[in-house]
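Encoded as structure tokens, the structure appears first; notes follow it.
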Amino acid sequence: MLTSTDFWIIGAYFLIILLVGVLTGRKQKKEDFLISGRKLKALQATATIFSSRIGAAILLTYTALVFMYGMGALWYFIGSVFGLFVFYFFGLKVKKLADKEKFYTMPDFFFFLKGRFAGYLATLITIIIMFGWVVLNFIAGAKLIDEYTTISYNFSVILVGVIILIYLLAGGFDAVVKTDVVQTIGIFLLFILMLFLLATTETKLDIAFGDLFALPAFQIVSYFLAGFFIPMASPELWQRVYAMKDKQNYRRAIFLSSLFYMIIGSILLLIGLVIRNELPGIEADTSLIVGFSKLLPVGLAGLSVVIIYSSVSSSADTYMFTASASFTQDFMEKTGLTKKEKLKGTLRYSLFGLMLLGITMALILRDIVDATFFFVSLTMSLGLLVVVIWIYPKVNRQSVNYSILLCLVGVIVPAFIFGISERLVIWAFASCLGGVLIGYVVHLLKPMKEKFPRTGFNRNSAGD
């Protein structure tokens, strides 16, 4: 249980991010609200990329996988590291095109290169993905508070949602970035706590790298593919690429945030193995939370609550803003339902509506690991399509459209029929490639003229 000091720390944390968010919104220009004026420098960008990636997915789901499968879970992290390395080069081209065409969201890329239908399909998947991550982080934060305190799960979800909503309404994307800087400090404190736990535990870790191959082949492939393709289709990461001041700041930010991400992931692997050895009978879903509460001293356990809560919040606000921005800019504005001069106000209404829906869904859904695989599968399949477009820019519109459609079908239908598991990743991968091939056949049978403007993305001509 938490002490009164711990509650004061939690209260102080929420007060700080509220003040930062509200003060950010004072005398703020529309471009600052939407994308920080496209002037993010390396340190700010590093903090916001890093903190947005260290949320429920990496802290709780990855630790849960380590708890269940030991070293085999490392395949997800290996895939993530390779994916970030590849994204570094892809992002340089995206940055050049985005600066020229003034992109705000990931679907802008599809609208510009592959037409309106592909753009709307990408918008739909973006909103589903981002909204899903919001719900997951709400669930994670509520389970954390429920484990440590007498505060109910339901009240915790509402509390986090309302606080995030207030500073997002006030400061928009600029508030997300500035609060992420505060929350990054908390994540580094978490890193220190994890090192302390490793140093003080009496558990001798039996780490055999041969265990990397102990999992069935489909699980190894699923984890690696999921980790690899996620950066290519992470809308919040694309938005930060757009917001950076120039390519020099981009290079520094991607390198530093990837380095910190690798360090945290490696330490989390060891923490998961310690918890697995010390507390084998607990639930995998909350193994990190319960592990800290049981293995850390009372005062430090309370501090870990504050820090993990900070990490979860920093991801939830990012995903909520990205989902709302995509709904407002890629749907409402492009369909003419809202005018450009009213975009800021419409985005605020969107934030309010999606937050209410997110809180409601978090009150209903409570399984973290299964839900993670569902949204990872959608993200990964869209990431595969992005790689296809990068490697072969002349891919026709039909292939892009069918691929995105089958992404949705290939994840949702198997989830209902067979349930949610690692196999969804394989279904998503196959559906995406199948859509590209079907689109190619349709294209040959019924060619469609495509006109593209000249761009810096090597897209001055398109395959018809």
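Every read-out reported here was derived from the displayed coordinates using simple, explicitly stated rules and does not represent laboratory data. Since the model is a prediction, treat every value here as computed from it, not as a measurement. Because the Cβ atoms are built from the backbone with ideal geometry, glycine has one as well, and the counts that use them run over all protein chains shown.
See the values below:
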item	result
Lys/Arg +1, Asp/Glu -1 at C-beta; the stretch 4-371 dipole; positive extreme among Y104, L354, Y319	Y104
Sequence of R116, R252 once ranked by neighbouring C-beta atoms within 10 Å, starting from the fewest	R116, R252
Listed peptides 159-172, 404-417 by packing density, highest first (mean Cβ within 10 Å)	159-172, 404-417
Positive-pole candidate from I139, A118, G172, dipole of the stretch 104-231, charges at beta carbon	A118
Across K178/K334; K41/K394; K39/K334; K394/K446; K247/K342, pairs whose alpha-carbon gap is larger than 27 Å	K178/K334; K41/K394; K247/K342
Cβ crowding within 10 Å averaged over residues, with 317-328, 283-294 ranked highest first	317-328, 283-294
Dipole magnitude (debye, nearest 20) for the chain, charges at Cβ of Lys, Arg, Asp, Glu	2400
Acute angle (nearest 10 degrees) that the helix 247-278 long axis makes with the longest principal axis of the chain, alpha-carbon atoms	40
Whole-number percent relative contact order across the chain, with pairs defined as alpha carbons under 8 Å at least 6 apart	29
Calculated [θ] (222 nm, deg cm²/dmol) that DSSP helices of n ≥ 4 give over the chain, each run adding -39,500 (n - 2.57)	-26000 deg cm²/dmol
Relative contact order computed over the stretch 43-177 (Cα-Cα under 8 Å; 6+ residues apart), in percent	22
Long-range lysine pairs (8 or more apart or interchain), the stretch 77-169, Cα under 22 Å	6
Folded to 0 to 90 degrees: helix 343-364 orientation relative to the chain principal axis, Cα	50
Order by protection proxy (mean Cβ within 10 Å, highest first), peptides 353-359, 125-131, 76-82	125-131, 76-82, 353-359
